[in-house]
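For reference, the structure discussed in these notes is given below.
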Amino acid sequence: MDRPPRTRPPATLASLAAELGVSRTTVSNAYNRPDQLSPQLRSRVMEAARRMGYPGPDPMARSLRTRKAGAVGLLLAEQVSYAIRDPGAVAFLEGLTLECDEAQVGLLLVPARPESEDVAGVTRAAVDGFVVYSMPDDDPHLTAALARPVPSVICDQPTFPGTDSVGIDDRAAIRQVAEHLLQLGHRRIGVVCMRLGRARLDGPVPIERQVAARYHVQRNRLVGLREACTAAGVAWDRIPVVERFEHTVEAGASAAAEVLSLDPGITALIATSDVLALGAIGELTRRHQRVPQDVSVTGFDGIKAAVDAGLTSVEQPVVEKGRQAGRMLLSPARKAAGRRIVLPTTFLPGRTTAPPRR
């Protein structure tokens with residue numbers, strides 16, 4: 001009777017060390033601390049590992065031993081796909097990954113859809129810290145992340161005492177947009193904004209919802225617009241404000257259509273993001289209304305597509321936001337939390353604004 005061929009047992013760190021006649025620490029250093037070995041010795045270890053089929057140290061065992069996951073968690077109030085298609089999120093991700101690369105740590109995307117109450121993904125995430133990207137202040141995923149015994153840095157929103165954060169002065173930045181339009185002579189203005197809370201709402205926004213918005217960035221931008229209009233003698237309660245839950249060009253188009261249904265005579269439309277503004281321009285073009293001759297349009301963010309289109313906007317350093325968030329979290333000299341970094345913005349007067357039509 002034929003016997004089955006003997007299979008060689010899987011190589012281990014100990015068997016590889018024995019084969020080479022070196023200590024297990026030497027083999028471990030070849031993977032985890034290569035600077036401790038000469039190039040020749042490390043090459044010899046790696047070649048033997050390849051020949052014997054040794055896959056390297058078990059990352060789970062190493063994590064348990066060092067109590068380090070070797071990864072940063074990026075918590076965002078969207079599906080993972082949002083991080084690779086939204087221009088602002090992509091730019092922020094670029095900056096954060098640059099810092100992770102320099103620190104030689106990985107990045108784990110932890111999605112947290114606004115409608116979801118399941119925080120298991122946050123509590124189980126094997127990470128050494130969280131970067132929170134633009135969350136509402138009442139999100140249970142945010143609460144779960146801040147409850148973990150690991151450091152956190154919040155980008156944009158919300159701001160909590162005792163928690164590191166990085167962002168811009170949204171209120172002051174968008175006032176420049178409103179003042180620009182008011183100086184041009186606009187008085188009939190409409191606004192389209194991003195979501196103000198976790199519950200889906202697509203439609204006109206009463207003042208009560210504006211001031212109680214759980215997304216602080218949008219709340220502050222609406223406050224800045226209201227302050228500028230009030231200072232110029234324009235009644236804010238006569239300005240239609242329309243909210244969209246999804247942040248897409250299509251949402252911007254439909255929001256612009258709704259604003260025009262509420263006040264067909266507007267001469268300027270302010271969008272609280274460039275993505276929504278580009279959608280609004282598309283809707284006005286579809287209606288054969290010229291920008292800026294018939295309706296001026298402004299955005300916010302300074303994304304490439306908007307700059308290329310000549311959109312009047314506010315440019316914010318989104319890549320630098322990501323870098324600063326990463327540095328704050330990964331800095332070896334990290335001290336007590338509670339630091340706040342406010343980055344500068346730049347007003348970009350473009351080709352989409354002009355004095356109102358007569």
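In the list [x] 21.2; [y] 23.0; [z] 20.4, the label attached to Kirkwood radius over Cα pairs in Å as derived from the coordinates here is [y]. Taking label points 7 Å from Cα along the Cα-to-Cβ direction, residue 208 and residue 358 give a separation of 4.5 nm.
Any chance you could run the full-extension gain for residue 79 through residue 285? It's 0.36 nm times the residue separation minus the Cα-Cα distance, nm to one decimal.
Working: separation 206, 0.36 × 206 = 74.16 nm, distance 3.10 nm.
Gain on stretching residue 79 to residue 285: 71.1 nm.
Summed over the residues of the chain and divided among them, the accessible surface reaches 49 Å² per residue at a probe radius of 1.4 Å. Structural descriptor for the chain: relative contact order 17 percent, calculated from alpha carbon pairs under 8 angstrom and at least 6 residues apart.
Order 10-23, 76-89 from most to least packed using the mean count of other Cβ atoms within 10 Å.
Working: 10-23: 14.6, 76-89: 17.0.
Those peptides, ordered most packed to least, come out 76-89, 10-23.
Summarise the accessible area of the chain (1.4 Å probe, protein heavy atoms) by the percent that is carbon and sulfur. If you can, show how the numbers build up before the last one.
On the way: 9350 of 17550 Å².
After summing per-atom areas, the C and S share lands at 53 percent.
For the chain, DSSP calls about 15 percent of its internal beta bridges antiparallel. Have a look at the DSSP beta bridges in the range 259-358 and tell me what percent are antiparallel, nearest 5. Taking every DSSP beta bridge within the range 259-358, about 40 percent pair in antiparallel fashion.
I need to check one value: relative contact order of the range 155-259, counting alpha carbon pairs closer than 8 Å and at least 6 residues apart, in percent. About 36 percent, as a whole number.
Can you give the extra length, in nm with one decimal, that the chain gains between residue 35 and residue 262 once fully stretched, where that is 0.36 nm per residue apart less the Cα-Cα distance? Don't jump to the answer; show the numbers that get you there.
Details: separation 227, 0.36 × 227 = 81.72 nm, distance 6.71 nm.
Result for the pair: 75.0 nm of gain on full extension.
Set the Förster distance to 22 Å, then compute FRET efficiency between residue 188 and residue 137 from the Cβ-Cβ distance, nearest 0.05. Provide the component values of the computation, followed by the final result.
Details: r = 33 Å, r/R0 = 1.51.
Efficiency for this residue pair is about 0.10.
Pairwise alpha-carbon distances in the range 13-167 exceed 25 Å for 44% of all pairs. Fully extending the segment from residue 294 to residue 159 would add 44.7 nm, taking 0.36 nm per residue of separation and subtracting the current Cα-Cα distance. FRET efficiency for the pair residue 232 and residue 307, taken as 1/(1 + (r/R0)^6) with r the Cβ-Cβ distance and R0 = 22 Å, rounds to 0.20. Sorted from longest to shortest, the spans of the Cα atoms of the range 167-218 along the three principal axes equal 37, 28, 15 Å.
Over the C-alpha trace of the range 159-307, radius of gyration and Dmax come out as 14.6, 52 angstrom. If I take R0 = 35 Å and measure r between the Cβ atoms of residue 346 and residue 147 in this structure, what FRET efficiency does the formula 1/(1 + (r/R0)^6) give, to the nearest 0.05? That pair, residue 346 with residue 147, gives E of 0.40.
Could you check how many percent of all C-alpha pairs in the range 278-358 are farther apart than 15 Å?
Numbers: 2109 of 3240 pairs.
So the portion of pairs separated by more than 15 Å is 65 percent.
The values are calculated or read from the model by the stated rules, or taken from the named source; none is laboratory data. Keep in mind that what you see is a predicted model, and the values were worked out from it rather than measured. Note: ideal-geometry Cβ built from the backbone for every residue, glycine included; neighbour counts use all protein chains shown. Note: accessible area is taken over every heavy atom of the protein model, side chains too, but ligands, DNA and RNA are not part of it. Shrake-Rupley method; radii C 1.70, N 1.55, O 1.52, S 1.80 Å.
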